[in-house]
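Just so it is clear, none of the values below were taken in a lab; they were calculated from the coordinates. All figures in this text were calculated on a predicted structure; none of them were measured in a lab. Note that each Cβ is placed from the backbone with ideal geometry, even for glycine, and that neighbours are counted across all protein chains shown.
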Amino acid sequence: SRWANGEWKTNVIAAFDLDPARALLARGNYQAAKNRLDESERLFSQLGDEESLAAVQALASQCNIGLQAENLMTQTEQALEHYSYQQANDLLTQAEAQYAQFPPEQRPTQTIEQYRNLTNIGLSATAELANAHRLSNSWTDYPDARSSAIKAGQQFATLGDADHVAE
């Protein structure tokens, strides 16, 4: 019954067809595409079909780039959750470089923009706070230090970063 309910689609012969993997790759489903390509790679390797094997390996390379980019985006999200703005900025820059290798429709442009906005706010707030600390040592610069501290606090509050708001 498993075979009749769709298992017939997954057999050795199905590994000859690279179109399902290409479709998954085009939709940005890198892990599923990689799984399909692994079967095709084994088949073409066993058959000694070097031309088809090269095509599979090229597609698998794109899948690996996509998986790496997704991993970098996950790490960026985690860095933002821990209020590590510089780390988030570095990771996001790496993810953008990976996604730049794909067509625009495969890039999570909206998510990248949201993360970039949060990262920029965090970096700006961090710079304002550092400026406030630097200026706070002189009575003549105290009004500027206070202004920088208030601006940093407002930006950190926007991000939900209570520890830096308290600082």
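Consider all pairwise Cα distances in the chain and report the whole-number % of them above 22 Å. Summing the P(r) tail past 22 Å for the chain gives 60 percent. When the helices of the chain are scored as -39500 (n - 2.57) per DSSP H run of n ≥ 4 and the total is divided over every residue, the value at 222 nm lands at -25000 deg cm²/dmol. For the chain, the longest principal axis of the alpha carbon atoms and the long axis of helix 50-81 meet at an angle near 30°. A Cβ-based charge dipole, computed about the Cα centre of the chain with Lys and Arg at +1 and Asp and Glu at -1, lands at about 240 debye. Considering all alpha-carbon pairs of the range 70-149, what whole percent are spaced by more than 19 angstrom? Cα-Cα pairs of the range 70-149 separated by over 19 Å account for 47 percent. Note on Glu50/Phe16: beta-carbon distance plugged into 1/(1 + (r/R0)^6) with R0 of 22 Å gives a FRET efficiency of 0.90. Modelled spin labels at Ala26 and Ala127, positioned 7 Å past Cα toward Cβ, are 4.3 nm from each other.
Taking every Cα-Cα distance in the range 23-62 and sorting them into 5 Å bins starting at zero, the pair-distance distribution P(r) comes out as 6, 29, 32, 20, 10, 3 percent. In this label model, Ile150 and Asn35 are separated by 5.6 nm, measuring between points 7 Å along each Cα→Cβ vector. The C-alpha atoms of the chain define a longest principal axis, and helix 142-159 lies at about 30 degrees to it.
How tilted is helix 30-47 with respect to the longest principal axis of the chain? Cα atoms for both, answer in degrees (0 to 90, nearest 10). Tilt of helix 30-47: around 40 degrees. When the charge dipole of the chain is built from unit charges on Cβ atoms (+1 for Lys and Arg, -1 for Asp and Glu) and taken about the Cα centre, the candidate among Ser124, Gly160, Thr74 whose Cα reaches farthest toward its positive end is Gly160. A straight chain from Asn71 to Ala100 at 0.36 nm per residue would run longer than the Cα-Cα distance by 8.9 nm.
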